[in-house]
Structures are given as C-alpha cells and as structure tokens.
Amino acid sequence: MKEQIWARIDRLTKTMDTVNWDDPQIYAAYMAQTYYYVSHSTRLLALAAGLLPLSAGPAHQRFIKHISEENRHEVLASRDVTALGYRVEDFKELDTVKAFYRLQYYMIQNVSPWSLLGYIAALEALAVRGGPAIHERVCRRHGEKTGSFLKVHSAEDVEHVEQAFAMIESLPTDVQAAVWENLEMSCTLFEAFLRDLPLAYQTTTLVAGQATPPAAEGKRKAG
C-alpha cells in the first residue's frame, strides 16, 4: 500500500504546485485554512484513540503520544498569517475545509477509528513530499517568520509518515481498505480547498474602503 499512497500524494503535490505561493493573500488564505483544520487534530486523535479496541494497545498509545506532538500547532499557522500582515478572521473557513475535517469525525465514528490513519498519512506524506520546496519559496518571498508551520512539519513528519505507513501495513486487508478510502477522499477534498483559496478572503472584516490590511500595506511599501 505504501507505493499506492505515494502515487496519490504525488498527484496531490502537483495540485500544490499550481498554487501561487508568491501571492501573500493566497498564502495567508492557505495558512488560515490550515489553522481551521489543524485546530481539530488533537480532538480527532483523542476520538480515534478512545474508539480503538483494547487489543490495539500500542496503536492507542501512539495516538496518545501523537496528541502531544500536534498540540497547539494551529498557533504556528496563526502566527504565519499574522507575519504576512493578516488575521485568521480575515479569511472565511471554506466549505471544502469544513468537509475535509468533518469527514474525519464521520469516518472515525461510523466506519473505523483506524480510518484516521488515512488522513494522517495523507497530510504527513504531503508535508514530506511538497513541504520543503514550498517552505523555501515562501520564506524567500515573504520572509522567514511566515514559514514556521511548514518548517516544523517538513522536518517532524519524516519520522511520523514512516510510523503511519508501518501501522497501516500491519492492519488486516479490510481495515486497510477503510484507511485507503479515507486517504483518497481526504486528498480529493484537500485539492478542492486549494482551488477555493481565492474565495477565502473577506474584505468585509477590514475597515471600509481599505484594500489591504495595514500590516500588509506597510510591508509592501517597505519592500
């Protein structure tokens, strides 16, 4: 299954490559959406950990440990948005992002708690495959302080993705099928929200008649 997962992630990475990361508003929109879905990471892990069978002790403990590793990572995304001169609330939570994480609650509770591994593998494999290049690009264009979330996940997720793959490959075939189904749906929804990024900016949250946030305007003049 590892090869199958990497092939799907390569397709997702190609969609990531179409995003205009040089546009500060688009990149800020992406990090705002990241804030929205990452805010659910520890809750999803806790839910799945609680529903795993008692016989799955090592997996249960791994999920619990993962909670501490992911704790407050949404704050990193929020800081990146601020460093770009925006606020998270300047960007609405896209419907495709809501569907992205709400799917996980459904799959955990109605299909299998193991299915969360599909979501985990998708995000962590994407961070490993596409994260370093995007991190380098945004830091070069927008400054080092705007890339904290990508920096952390590009480094940490190398180990995490191998752990996720090993756990997936240890599962029975029928459970692997649920993991794969969730991974495929998660990738599709992630691609959808990438396409929707231009729709996220809410000018109504700004002062009337002001085209850009003050911080963003100041940065542009300084450059």
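Tabulated results
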{"item": "Residue identified as part of a helix (DSSP H, G or I) and either out of contact with any Asp or Glu (no Cβ under 8 Å at 6 or more places or on another chain) or buried (at least 17 other Cβ atoms within 10 Å of the Cβ) (or both) among Thr18, Thr13", "result": "Thr13"}
{"item": "Condition met for Arg129 (of a type outside the set (Val, Ile, Thr) and more than 15 Å from the chain's Cα centre (by Cα))", "result": "no"}
{"item": "Enumeration of residues in segment 21-57 that are within 22 Å of Trp180 (Cβ to Cβ), part of a helix (DSSP H, G or I) and of a type in the set (A, V, I, L, M, F, W, C)", "result": "Leu44, Leu45, Leu47, Ala48, Ala49, Leu51"}
{"item": "Check on Gly131, touching a Cys at 6+ places or on another chain (Cβ under 7 Å) and crowded, with 21+ Cβ neighbours inside 10 Å", "result": "no"}
{"item": "Qualifying residue in segment 86-101 (condition: part of a helix (DSSP H, G or I), out of contact with any Leu (no Cβ under 9 Å at 6 or more places or on another chain) and closer than 28 Å to Arg140 by Cβ)", "result": "yes"}
{"item": "Residue within segment 106-118 that is surrounded by fewer than 22 Cβ atoms within 10 Å (Cβ to Cβ), assigned to a helix (DSSP H, G or I) and of a type in the set (Gly, Ala, Ser) present", "result": "no"}
{"item": "For Tyr37: the one exception among (1) more than 22 Å from Phe190 (Cα to Cα); (2) in contact (Cβ under 8 Å) with a residue 24 or more places away in the chain; (3) out of contact with any strand residue (DSSP E or B) (no Cβ under 9 Å at 6 or more places or on another chain)", "result": "(1)"}
{"item": "Any hit, segment 119-131, residues being in a loop (DSSP other than H, G, I, E, B) and either among the aliphatic types (A, V, I, L, M) or within 21 Å of Leu150 (Cα to Cα) (or both)", "result": "no"}
{"item": "Val75 vs. criteria in a helix (DSSP H, G or I), within 25 Å of Val138 (Cα to Cα), out of contact with any Pro (no Cβ under 6 Å at 6 or more places or on another chain) and free of Cβ contacts under 8 Å to residues at least 40 places away in the same chain", "result": "yes"}
{"item": "Selected residue [surrounded by fewer than 20 Cβ atoms within 10 Å (Cβ to Cβ), within 19 Å of Asn182 (Cβ to Cβ) and either modelled with pLDDT of 95 or more or of a type in the set (Val, Ile, Thr) (or both)] from Arg79, Arg87, Arg102", "result": "Arg102"}
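The values are calculated or read from the model by the stated rules, or taken from the named source; none is laboratory data. Bear in mind the structure is a predicted one, so any value in this text is a computation, not a measurement. Heads up, the Cβs are rebuilt from the backbone with ideal geometry, glycines too, and the neighbour counts pull from every protein chain shown.
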